[in-house]
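Each remark here refers to the structure printed beneath this line.
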Amino acid sequence: MSYPKIIVDLKKLQKNVESVVKHCETEGIFVTGVTKVFCGYPEIAQAYIDGGVKYLGDSRMENLKKMKDLDIEKYMLRLPMISEAKDIVEYADISLNSELATIKAINNAAIEAGKTHKIIFMMDLGDLREGFFSEEEFLNTVEETLKLSNIKIVGIGTNMACYGGIVPEIEHVEKLGYFKALLKEKFDLDLEIISGGNSATIHLVEKKSTGVINNLRLGETLTIGQEPSYEKRMPNSYDDVFTVEVEIIEVKEKPSYPIGKIGKDAFGNIPTFDDKGVRKRMICAMGKQDIDFGTMFPLDDKIQIFGGSSDHIILDGTDSETDYKVGDKVKFKLEYVAVLRAMTSEYVTKEIIK
Ligand SMILES: *Cc1c(COP(=O)(O)O)cnc(C)c1O
């Protein structure tokens, strides 16, 4: 198999999922396994199912299509485009929504397909990405949606810690409780799903502060085994489900400080350097197009990442006990952004270990 290569360990992934699902069950929460970080590869999504998630979720239609044969209900996580209403009805069972025009378009597509489509209304509780901000608009939309023949309102939800970086806390849970009660009072609606957020919300499970929440949509926590709000490891989880292997294409002793007047680098930034003298510099054949340097960590912890460009990673191999040579491979474990980029890059071979 060619390099660079990302290796996905399905046994470890399933273990992570089992641990997190069990953890969430203690507070009556069922898990939607979010597949976008690995581009919806069905073999990988199957490990989520085997690990006990109740639903799958993805933000991209292409990924939902790849998973169409998996026998489990699926969420469309990103607000649908009106132009994809037909596909939403065909490939997703539930979608997250905040726009009446879109919901009407989905209803029309559902009528044509002879199906009922379920929706969750998204509430913006301050992170300022998607969701209703005005209570009045929300109530009007619910009222109008109730008139649509092929749409079923199944829940409300929110998403935090994405755009605004707002940490989900008990006050946000209480707001969801308020909206749930409001729909009961105004429209006699009994919501089956209160979808409390993404991985950044799971810290509330341990604190037993999840209130009305009975669903979390989890990607990072399942794949990396980490709770992102306070960066705590999940119990009984692996941080190396995803690793990457890159090949060394040059090894030379060179200074660590560039020679000449420093202008812009390949990405238009003015770089800064520490002068550490002459070092053993190792160039690997992978770059920023395929990976994120800030979320990849060498398994040989004596190696440092100097930096790189679109197609190159430059490593400092001076302190390593291994005498790396051209053609040798270097392994890294990956966190979320690096996994996302490596799985998305067509230049990276995917190896799935069962
Ligand atoms: C990506 C996404 C998630 C999952 O996020 P993680 O941080 O990976 O858990 C959940 N909900 C929505 C709406 C998303 O877009």
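The values are calculated or read from the model by the stated rules, or taken from the named source; none is laboratory data. Since the structure is predicted, the reported quantities are computational estimates derived from the model, not experimental observations. Ideal geometry is used to build each Cβ from the backbone, glycine not excepted, and the neighbour counts take in all protein chains shown.
Identify the residue in segment 207-244 that is of a type in the set (Asp, Glu) and touching a residue at least 12 places away in the same chain (Cβ under 8 Å) and, among all such residues, is nearest to SER95 (Cα to Cα).
Ranking the candidates gives GLU220 first.
With the condition kept exactly as written, say whether any residue in segment 70-93 is within 21 Å of the chain's Cα centre (by Cα), surrounded by fewer than 19 Cβ atoms within 10 Å (Cβ to Cβ) and away from the ligand (no atom under 16 Å from the Cβ).
Yes; the residues of segment 70-93 include at least one that is within 21 Å of the chain's Cα centre (by Cα), surrounded by fewer than 19 Cβ atoms within 10 Å (Cβ to Cβ) and away from the ligand (no atom under 16 Å from the Cβ).
If GLY126 meets every condition in (1) closer than 22 Å to ASP190 by Cβ; (2) more than 14 Å from the ligand (Cβ to nearest atom) apart from one, which number is that one?
If we test GLY126 against (1) closer than 22 Å to ASP190 by Cβ; (2) more than 14 Å from the ligand (Cβ to nearest atom), just (1) comes out false.
Restricting to segment 167-190, give me the number of residues that are within 16 Å of the ligand (Cβ to nearest atom) and over 27 Å from the mean Cα position of the chain (by Cα).
Qualifying residue count for the region: 0.
Quick test of your reading of the structure: GLU135 fulfils all but one of (1) surrounded by fewer than 19 Cβ atoms within 10 Å (Cβ to Cβ); (2) more than 21 Å from SER195 (Cβ to Cβ). Name the failing condition by number.
Checking GLU135 against (1) surrounded by fewer than 19 Cβ atoms within 10 Å (Cβ to Cβ); (2) more than 21 Å from SER195 (Cβ to Cβ), the one that fails is (2).
Does LEU216 fit the bill of being of a type in the set (A, V, I, L, M, F, W, C), in contact with a strand residue (DSSP E or B) (Cβ under 7 Å, 6 or more places away or on another chain) and at pLDDT 95 or above?
Against the criterion (of a type in the set (A, V, I, L, M, F, W, C), in contact with a strand residue (DSSP E or B) (Cβ under 7 Å, 6 or more places away or on another chain) and at pLDDT 95 or above), LEU216 qualifies.
Could you tell me which residue of segment 204-218 is nearest to TYR48 (Cα to Cα), considering only residues that are within 15 Å of the ligand (Cβ to nearest atom) and assigned to a helix (DSSP H, G or I)?
In this case the residue turns out to be VAL205.
How about segment 141-166: which of its residues are in a loop (DSSP other than H, G, I, E, B), away from the ligand (no atom under 16 Å from the Cβ) and either within 29 Å of the chain's Cα centre (by Cα) or buried (at least 18 other Cβ atoms within 10 Å of the Cβ) (or both)?
Hit for segment 141-166 is LEU148, nothing else.
Is there a residue in segment 242-258 that is within 16 Å of the ligand (Cβ to nearest atom), surrounded by 16 or more Cβ atoms within 10 Å (Cβ to Cβ) and over 30 Å from ILE44 (Cα atoms)?
no
Among the strands (runs of 3 or more DSSP E) confined wholly to segment 14-92, which include 3 or more residues that are touching a Lys or Arg at 6+ places or on another chain (Cβ under 8 Å)?
30-34, 55-58
For the structure I just gave you, tell me whether VAL31 is closer than 15 Å to ILE94 by Cβ, among the β-branched types (Val, Ile, Thr) and in contact with a strand residue (DSSP E or B) (Cβ under 6 Å, 6 or more places away or on another chain).
yes
Working only within segment 82-138, note down all residues that are on the phi > 0 side of the Ramachandran plot and among the hydrophobic types (A, V, I, L, M, F, W, C).
Selection gives LEU128 alone.
Going through segment 53-69 one residue at a time, which ones are within 11 Å of the ligand (Cβ to nearest atom) and not basic (Lys, Arg)?
Result: GLY57, ASP58, SER59.
How many of the residues making up segment 182-203 are under 15 Å from ILE170 (Cα atoms) and part of a helix (DSSP H, G or I)?
3
Would you please name the residue that is nearest to the ligand (Cβ to nearest atom), looking only at residues in segment 219-235 that are polar (S, T, N, Q) and at pLDDT 95 or above?
Only one residue tops the list, namely THR221.
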